[in-house]
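Here's the structure, in structure tokens; my notes come after.
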Amino acid sequence: MKVIKFSVSLLVTLGLIYFLNNSWTIGGKPIPPPGKFLDPFHGFWQNIESENNSATIDLTIEGLQAPVSVRFDSLMIPHIFAQNDADLYLAQGYVTAMHRLWQMEFQTHAAAGRISEILATDDILNYDRAQRRLGMVYGARRALQAMEEDPTTALMMAKYTEGINQYIQGLSYDELPFEYKLLDYKPEPWTALKCALLLKNMAQTLDMGDKDMEMTNALKLFGKETVDLLYPDQEGVGDPIVDNPGGWKFNPIRIDTVALAMPTELIKLKKLPGSDPTTGSNNWAVSGSKTATGSPMLCGDPHLRLSLPSIWYAIQLNAPGVNSMGVSLPGSPAIIIGFNDSIAWSVTNAQRDLVDWFKITFDGENREKYLLDGKWIPTEKVVEEIKVRGNPTFYDTVRYTYWGPITYDESFRAENNHNGYAFRWIAHEKSNEALTFHKLNRAKNHSDYMEALNVFYLPAQNFVFASVSGDIAMRIQGRFPVRRPEEGKFVLDGSQSSFGWQAFIPNEQNVMSKNPARGFVSSANQMPVDPTYPYYYTATSYEAYRNRRINQVLSQTQAIQVNDLMKLQNDNYNLKAAESLPAFLHMLDSVHLKGAELTAYSILKSWDYYNNAESEGASYYEAWWDSLMPLIWDELEKEGMALSRPTTYNTIKLIKEKPDLSFFDIQGTPEKETAGDVVRKAFSVAIEGIEKWKQENAATVKWADYKDSFIGHLLPPMRALSIPVKTGGNHDIVNAHSRTHGPSWRMVVSLEKTGVRSWATYPGGQSGNPGSKHYADMLDRWSSGKYFPMVFMKDPEAAKERTLQSLQFNPQQK
Amino acid sequence: MKFGLQVLATMILGYALAIFLPWWTVAIAAFLCGMIFNTRANFGAGFLGIALLWLLKAWLIDSTAAAPLSERVAAIMGLSKPLLFLVTALIGGLVGGFAAMTGAALNKPKRRGTYY
């Protein structure tokens, strides 16, 4: 009897422990191991940090040559003081991992197409397959090779990696970042390849924009004339980033111009999403002649999909020869955007087309060989092994060609289309951007900046610069292929190597400018250069509004103060609305409007074109615009076929100048509509939508409420870890905060001779832990357009009253 | 009286083990206490000991929390915050209860015919 009782209760206990110690999928949803996760001594409760988090910690670190002091200020920004570069990067790795380990690993898993190892769904498997087929790891391996060939970056990567691994080694379950506990897995050792993957991840965000297939389909469906009307190379609006007509005095490289054959095919495949066109950025530098202090000032705000843990990690790096502060990308050493004692720099995306698709001619059904220059060349098969959590491994064969991987083929996203398309991407080139940042962190003047940029290939960026010695500059840096006219706009014939990139524009022939007469340099993803620049270039799109507003404000303002530039970064003036709304309102039949439409009309009529948080006019205008675009371009929504919409600027231009264009006819109706009809119809649809919104939400439709922005956690379904924000602005506005994208870092630097000063903020916080007060402690000031003065420490004992935590790293005693 | 002592002993031993060892060692604490004390309600004592220990610890952590992670977790699990505390206590309690029962079964029976 007793034995039975003992055995039964023992079995129940053990069974219960087993159940509670493992993760399960219940109702299609993964749940963490209930006991392990909820145990307050080790589980998620341990990730809750207390209000009082001041601490002084001494650690012995393997691989360190000399002691390193780290001071965390009240925003939890680390200030690292090391005695040499090796220790500096080791400490950067360690400290970054302390706050962002989960994010670093997750983002590199995402880049490499390994999310299925953590979360298994069909969508995630398809995502992973796409990453493999885009050759992300292939590109990262080549970048790593370049990094390891250079002794400086080889050391950087090795030490940074060592620092991260030192941190991982010391971790117990209760110290694991929250997301590991939630998803029930463990961090793996860091590798230098992951640093490279992270940079490729950024390249994917910024440099993978293209519309070659979309343009090819448009060409076949509508003809060349319409394509040129809908998608002109140049929209002829605003100032280019560098306006230097007749000033390009060099001999450009000319390649034998084989006339490119225009493709005549319809490509039916589900194209992968490329870089989001609403990601963009602003930056500018103002010379001392225009500022109140007489010293140059520099500003930067890169716009990205806003996420938590935050995209950027602020840090100060100090060692002999370097004293730099700014933001780093968790997972990559050095500072990417920032300043030092002598200079400041920031970046915006250059937009240029650096992606080509090559149509592959196969030898037959089995696709063993492809045609190149009259010969049949074997494809190189790479079997991608995608481990899927709780499921058998998925194997995907990706064929590589002279051009790159064949992303789309019979097994991937191709509908009824038995062609293969190979992906040629600049990020597959061997390059070593880490060296640029290492050098920029240490740059003293304009010529150091120029030298640092010479090895920067991608993602192509507009690098703004200012120095304490009084220079301001802009350089559009990247590795740009020399293109024939129209090359890169359409899918190319992959059977001849001469159709590929023959040469690259030499660094010294890239677009650049130093101390221009107007007293400032600026960029906002607009077209790069005046028409006298001797190279052909295209992009998916160039920005048309932010750049003009920025230049207008900067030209008009004299004796500029820091506050003026903060105000400009947060400027909500909607130039697009100012240019389009009067015409739209004119198209309405205002005499016959009634009810909600009449109210909307009068609100819009008196709107000041500012997308402020409280504005009602902004809500009406944006709702109107958002219903107008799909109504106009309904012809471009074809099942299973990639087509892209013309830009905002060109759409408005066509409404005004070509109201009878056939595209304004709505396909689903028997009538023949003109621009005016579509604008009126969109107005009714928008007002109906707003009335519905009002019933469900509030009586007044304030723009911040209607926009309903949020900073989303990197795990998309985790809305509970995301944070809603109420702000003004939108895409196409200097304060580019749309529902999901926006300024991921706002920085203002004043380069004074008495010491460089800076103010900054970002939408989140230094800690990646949702249980820390530093998870999003910078968000409030960011939302309200305010800044934190950056604590730029001279030595570890400086600014003691603002030190929250101290960390001392000691080398191992021999 | 003895029941109260068993609960208290389970809590203290559970706490001591939890500092160094994984979460499931609370079962060892409840098991040992069940074996030593073997009161009339071992399941109850083990359950209460661990449930109270976990509830108290969770409450202590949450009372000085600088960020609403418990709310966030409750939202992920579709629970209210008080319910998250109760579920935490319940899970610890169940393990403690069954472990105490198992331990008690190793001890010589106090009274025949009584189940616990």
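The values are calculated or read from the model by the stated rules, or taken from the named source; none is laboratory data. Quantities reported herein were computed from a predicted structural model and do not represent experimental measurements. Positions of Cβ are backbone-derived with ideal geometry, glycine not excepted, and every protein chain shown enters the neighbour counts.
Just a few scattered comments:
- Note on segment A:708-724: residues that are away from chain B (no Cβ under 14 Å) and crowded, with 22+ Cβ neighbours inside 10 Å amount to 1.
- Residue match in segment A:27-41 (condition: of a type in the set (Lys, Arg) and surrounded by fewer than 16 Cβ atoms within 10 Å (Cβ to Cβ)): yes
- A:Leu230 being surrounded by 13 or more Cβ atoms within 10 Å (Cβ to Cβ) and at pLDDT 95 or above: yes
- Scanning segment A:352-359 finds one or more residues that are farther than 30 Å from A:Leu779 by Cα, part of a loop (DSSP other than H, G, I, E, B), under 28 Å from the mean Cα position of the chain (by Cα) and not basic (Lys, Arg).
- Annotation: of all residues in segment A:626-657 being free of Cβ contacts under 8 Å to residues at least 24 places away in the same chain and more than 14 Å from A:Phe222 (Cβ to Cβ), the one that is farthest from the chain's Cα centre (by Cα) is A:Glu657.
- Among the residues examined, A:Pro263 does not qualify as within 24 Å of A:Trp425 (Cβ to Cβ), in contact with a Phe, Trp or Tyr (Cβ under 7 Å, 6 or more places away or on another chain), of a type outside the set (Val, Ile, Thr) and modelled with pLDDT of 95 or more.
Here is a yes/no grid of residues against (1) buried (at least 22 other Cβ atoms within 10 Å of the Cβ); (2) part of a strand (DSSP E or B):
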{"residue": "A:Gln502", "(1), (2)": "no, no"}
{"residue": "A:Ser513", "(1), (2)": "no, yes"}
{"residue": "A:Ala517", "(1), (2)": "no, no"}
{"residue": "A:Ser522", "(1), (2)": "yes, yes"}
{"residue": "A:Met527", "(1), (2)": "yes, no"}
{"residue": "A:Tyr533", "(1), (2)": "no, no"}
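- Pairs are defined by a Cβ separation below 7 Å, a sequence spacing of at least 6 or placement on different chains, a first member in segment A:299-313 that is surrounded by fewer than 24 Cβ atoms within 10 Å (Cβ to Cβ), and a second member that is of a type in the set (Asp, Glu); the pairs so defined are A:Arg305/A:Asp276.
- Which numbered condition A:Thr436 misses (of (1) buried (at least 23 other Cβ atoms within 10 Å of the Cβ); (2) farther than 23 Å from A:Leu155 by Cα): (2)
- Every condition in (1) free of Cβ contacts under 8 Å to residues at least 24 places away in the same chain; (2) more than 7 Å from chain B (Cβ to nearest Cβ); (3) over 24 Å from A:Gly768 (Cβ atoms) is met by A:Asp85 except one, and the failing one is (1).
- Any hit, segment A:767-781, residues being more than 14 Å from chain B (Cβ to nearest Cβ) and in contact (Cβ under 8 Å) with a residue 40 or more places away in the chain: no
- Only one entry of B:Leu21, B:Leu52 meets the criterion of being surrounded by fewer than 20 Cβ atoms within 10 Å (Cβ to Cβ) and over 9 Å from the mean Cα position of the chain (by Cα), and that entry is B:Leu21.
- Candidate set from segment A:45-68 (those that are part of a strand (DSSP E or B) and of a type outside the set (Val, Ile, Thr)); member that is farthest from A:Ala82 (Cα to Cα): A:Ser50
- Restricted to segment A:709-814, the set of strands (runs of 3 or more DSSP E) holding at least 2 residues that are more than 22 Å from the chain's Cα centre (by Cα) comprises A:746-752, A:755-761, A:803-811.
- Selected residue (criterion: nearest to B:Thr102 (Cα to Cα)) from residues of segment B:35-47 that are within 11 Å of the chain's Cα centre (by Cα) and surrounded by fewer than 24 Cβ atoms within 10 Å (Cβ to Cβ): B:Phe43
- Just one of (1) away from chain B (no Cβ under 14 Å); (2) of a type outside the set (Asp, Glu); (3) closer than 27 Å to A:Tyr542 by Cα fails for A:Asn697. It is (3).
- Within segment A:1-44, tally of residues that are in contact (Cβ under 8 Å) with a residue 40 or more places away in the chain, outside any loop (DSSP other than H, G, I, E, B) and facing chain B (nearest Cβ under 7 Å): 2
- Scanning segment A:363-375 for residues that are in a strand (DSSP E or B), free of Cβ contacts under 8 Å to residues at least 24 places away in the same chain and surrounded by 14 or more Cβ atoms within 10 Å (Cβ to Cβ) returns a single hit, A:Lys369.
- Some residue of segment A:608-621 being surrounded by fewer than 20 Cβ atoms within 10 Å (Cβ to Cβ), part of a helix (DSSP H, G or I) and of a type outside the set (Phe, Trp, Tyr): no
- Residue that is surrounded by the most Cβ atoms within 10 Å (Cβ to Cβ) [pool: residues in segment B:1-13 that are assigned to a helix (DSSP H, G or I) and without any contact (Cβ under 8 Å) to a residue 24 or more places away in the chain]: B:Leu13
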